[in-house]
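Asks: Before anything else, here's the structure in question.
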Amino acid sequence: MTKRIRINWKQEGVEKTFLEACVHQITVNGCEGSSLKQASWKTVAENLKTQHNFIVEQRQMKNHYDFLKGKFAAWLKLKNKTGNVYDPVTNSFNLSEEEWQIEMKSNKYVEALRSAPLAFPELCCQLFDGSTSNGFDSWGPSSTLPHPSEEVNEHNLDGMDVECTQVDSPGKGVSEESSIRSQKKEKGEKRKHKATLESQLIEVGEDISKLAKMMIEKHTLSDDMDACLEKLETLGWDESDAKYETALLLFGESADLRKLWVRLKPQNCEKWVKNAGAKYGLFN
């Protein structure tokens, strides 16, 4: 059976909720390939349904995610263009008709950017900035590499009205039943693990702090590490505070997390640390 569903991403509040949910899921659960993990997509869909009664399928979310990723890459490239063409007040670009035509020939997403400004640039920066460093923003017709979002329909570049086709496989029922059993087993194991971990937290507090320091020592104190530590000190958290210890663990875990921390606004730091630190069992 084939179902054709048309959705409108322009619905009030949907875009912001989508971006915030994707940022949260990648922060907590990480990525799979060039986007979110399957379980994370399900959580994002649940958020959209709960907050906006917006029903969307995984492929539709992935298509829109790729569209926004391409539009952000085009936005970032123009923003960094010499000549002060970007106006931060209006979030628009001061280009002549000839310049627009040149840019649109080199990147198909520029046309969508010209017709509508990039929504929520700060959230897009948190979500996609790491992806653009691998050359995504420099893709053009002469590129020898496949474009990361080839699945996006070029006729729907306004990102507002996406039509998708989904074909149910014959073994879908059996697969879903197996998946449900697997999820129940996984939840049971997680509850048992959490109970055991919580009973040991008091005893391992000092060990966590030592581990964080060891992880940091393995990395050369680069500029981004210095910046992370300076920002951490400005928040006024005590060194024995679980938030402080968790932040140190995250700094030592990866360069991507350090980059994200530096870009976060101070008022969002505590929430980010608690969400990311949940996987260590430090926060309920």
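The values are calculated or read from the model by the stated rules, or taken from the named source; none is laboratory data. Computed from a predicted model, the values in this text were never measured in an experiment. In this analysis, Cβ positions are derived from the backbone assuming ideal geometry, glycine residues included, and neighbour counts consider all displayed protein chains.
Asks: Tell me whether the stretch 71-90 contains one or more residues that are at pLDDT 90 or above, crowded, with 23+ Cβ neighbours inside 10 Å, among the basic types (Lys, Arg) and within 23 Å of the chain's Cα centre (by Cα).
Replies: For the stretch 71-90, residues at pLDDT 90 or above, crowded, with 23+ Cβ neighbours inside 10 Å, among the basic types (Lys, Arg) and within 23 Å of the chain's Cα centre (by Cα): present.
Asks: In addition: Evaluate the following for Asn8: is it under 22 Å from the mean Cα position of the chain (by Cα), in the same structural domain as Phe128 (by TED's automatic domain parsing), of a type in the set (S, T, N, Q) and closer than 30 Å to Glu253 by Cβ?
Replies: Values: under 22 Å from the mean Cα position of the chain (by Cα): yes; in the same structural domain as Phe128 (by TED's automatic domain parsing): yes; of a type in the set (S, T, N, Q): yes; closer than 30 Å to Glu253 by Cβ: no.
Considered against the rule, which asks whether it is under 22 Å from the mean Cα position of the chain (by Cα), in the same structural domain as Phe128 (by TED's automatic domain parsing), of a type in the set (S, T, N, Q) and closer than 30 Å to Glu253 by Cβ, Asn8 comes out as no.
Asks: Now for a separate question. Among the residues of the stretch 82-97, how many are free of Cβ contacts under 8 Å to residues at least 12 places away in the same chain, of a type outside the set (A, V, I, L, M, F, W, C) and out of contact with any helix residue (DSSP H, G or I) (no Cβ under 8 Å at 6 or more places or on another chain)?
Replies: The number of residues fulfilling the criteria is 8.
Asks: Now for a separate question. Which residue pairs have Cβ atoms under 6 Å apart, sit 6 or more places apart or on different chains, and have a first residue in the stretch 242-265 that is surrounded by fewer than 19 Cβ atoms within 10 Å (Cβ to Cβ) and a second that is assigned to a helix (DSSP H, G or I) and small (Gly, Ala, Ser)?
Replies: Qualifying pairs under 6 Å: Asp256/Gly130; Val262/Ala227.
Asks: Out of (1) under 23 Å from Ser34 (Cα atoms); (2) outside any helix (DSSP H, G or I); (3) not acidic (Asp, Glu), the odd one out for Leu68 is which?
Replies: Of (1) under 23 Å from Ser34 (Cα atoms); (2) outside any helix (DSSP H, G or I); (3) not acidic (Asp, Glu), only one is false for Leu68: (2).
Asks: Oh, and also: Go over the candidates Val44, Val28 one by one and state the one that is closer than 25 Å to Trp272 by Cα, in a helix (DSSP H, G or I), modelled with pLDDT of 95 or more and among the aliphatic types (A, V, I, L, M). Steps first, please.
Replies: Values: Val28 fails: modelled with pLDDT of 95 or more.
Result: Val44 is the single residue among Val44, Val28 that is closer than 25 Å to Trp272 by Cα, in a helix (DSSP H, G or I), modelled with pLDDT of 95 or more and among the aliphatic types (A, V, I, L, M).
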